[in-house]
Amino acid sequence: MKNLLFATLLIMMLTGCNNSQSKQDTPAADSSAAALEAIFTRTSVRSYDPDRAVSPDTVETLLRAAMSAPTAVNKQPWAFVVLDNREALDSLAEVLPYAKMLNHAPLAIVVCGDMDKALEGTARDFWIQDASAATENLLIAAHALGLGAVWTGVYPDSERVEAVKNRLGLPSAIIPLCVVPVGYPEGEQTPKDKWNPGAIHYNRW
Ligand SMILES: Cc1cc2nc3c(=O)[nH]c(=O)nc-3n(C[C@H](O)[C@H](O)[C@H](O)COP(=O)(O)O)c2cc1C
């Protein structure tokens with residue numbers, strides 16, 4: 001009888017099935033709430049505090065988040081160029097008409113596809129989805145860290161792709177997907193409410 005009681009208690013502890021703490025209070029529930037909060041409140045930020053730099057540790061965290069993204073066949077066909085000096089940031093602003101905020105950003109990360117690591121044949125274009133997933137991770141991580149960032153499009157605009165390749169001296173196998181300026185936000189940002197039940201279909205159109 002004593003053994004049975006002990007076994008029951010052990011199972012309850014291992015499965016988290018006890019009445020003294022509800023599921024809502026668990027660390028897992030806290031971290032899912034934090035993850036969802038970051039996703040729901042992220043918004044594009046185009047103005048940055050000119051006096052606050054982004055530390056190298058924070059840059060690494062952003063890159064770790066980007067590289068945690070899923071990729072087709074786990075190819076991870078990406079490369080990242082970190083721009084953290086004024087000359088490099090201003091040089092890209094010159095050639096990207098919709099990324100002028102680079103002139104005021106302390107940092108930018110160029111998310112690229114690496115065609116030497118990409119799948120072959122018609123599957124090659126999965127790199128675009130892979131690098132996009134990395135970019136979204138980067139944006140959410142930046143927001144979760146109190147930073148602001150914005151996706152500025154490069155690929156598939158061939159003029160922008162060539163301009164970024166030239167300015168950064170990218171090897172031929174490297175295609176820039178986007179440039180993400182990053183900095184501590186200046187001013188308040190309001191996330192857009194994009195929830196639209198009309199865009200959802202169940203089981204068939
Ligand atoms: C593929 C893509 C390209 C984008 N290009 C630019 C750009 O060149 N410049 C810019 O300021 N914002 C750009 N954006 C940001 C969008 O304007 C922004 O995500 C959209 O308006 C929704 O706003 P939100 O990010 O605040 O939710 C781009 C976003 C995506 C996904």
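The values are calculated or read from the model by the stated rules, or taken from the named source; none is laboratory data. Note that the coordinates shown come from a computational prediction; the quantities given were computed from them, not determined experimentally. With ideal geometry, Cβ positions are generated from the backbone for all residues, glycine too; neighbour counts draw on all protein chains shown. In case anyone asks, the SASA skips ligands and DNA or RNA and just uses the protein heavy atoms, side chains included. Shrake-Rupley method; radii C 1.70, N 1.55, O 1.52, S 1.80 Å.
Output the number of residues of the stretch 16-25 satisfying the condition of being open to solvent by 60 Å² or more (accessible area, probe 1.4 Å) and either part of a loop (DSSP other than H, G, I, E, B) or at pLDDT 85 or above (or both).
Step one: list which residues in the stretch 16-25 are open to solvent by 60 Å² or more (accessible area, probe 1.4 Å), which gives 17-21, 23-25.
Then drop every residue that is not either part of a loop (DSSP other than H, G, I, E, B) or at pLDDT 85 or above (or both), which leaves 17-21.
The number of residues fulfilling the criteria is 5.
Residue by residue through the stretch 86-101, note down the ones that are more than 14 Å from the ligand (Cβ to nearest atom) and aliphatic (A, V, I, L, M).
Our first condition is that a residue be more than 14 Å from the ligand (Cβ to nearest atom); within the stretch 86-101, this holds for 86-91, 94.
Those that are more than 14 Å from the ligand (Cβ to nearest atom) and aliphatic (A, V, I, L, M): A88, L89.
Filter the stretch 157-204 for residues that are of a type in the set (S, T, Y) and within 16 Å of the ligand (Cβ to nearest atom); which is surrounded by the fewest Cβ atoms within 10 Å (Cβ to Cβ)? Give the steps one after another, and end with the answer.
First, the residues of the stretch 157-204 that are of a type in the set (S, T, Y): 158, 172, 184, 190, 202.
Right, trim to within 16 Å of the ligand (Cβ to nearest atom) and you get 158, 190.
On the way: S158: 9, T190: 7.
Looking at the filtered set, the residue picked out is T190.
I'd like the full set of residues that are of a type in the set (S, T, N, Q), under 19 Å from I128 (Cβ atoms) and open to solvent by 30 Å² or more (accessible area, probe 1.4 Å), limited to the stretch 60-83. It would help to see each step written out before you state the result.
Start the filter on the stretch 60-83 by keeping residues that are of a type in the set (S, T, N, Q), which leaves 61, 68, 71, 74, 76.
Next, only the ones that are under 19 Å from I128 (Cβ atoms) stay: 68, 71, 74, 76.
Answer for the stretch 60-83, where residues must be of a type in the set (S, T, N, Q), under 19 Å from I128 (Cβ atoms) and open to solvent by 30 Å² or more (accessible area, probe 1.4 Å): S68, N74, Q76.
If you check V150, V154, which single one turns out to be closer than 15 Å to I39 by Cα, open to solvent by less than 10 Å² (accessible area, probe 1.4 Å) and within 15 Å of the ligand (Cβ to nearest atom)?
Numbers: V154 fails: closer than 15 Å to I39 by Cα.
Sole residue among the options that is closer than 15 Å to I39 by Cα, open to solvent by less than 10 Å² (accessible area, probe 1.4 Å) and within 15 Å of the ligand (Cβ to nearest atom): V150.
Collect the residues in the stretch 102-144 that are within 20 Å of N166 (Cα to Cα), open to solvent by 10 Å² or more (accessible area, probe 1.4 Å) and within 12 Å of the ligand (Cβ to nearest atom), keeping them in residue-number order.
Across the stretch 102-144, there are no qualifying residues.
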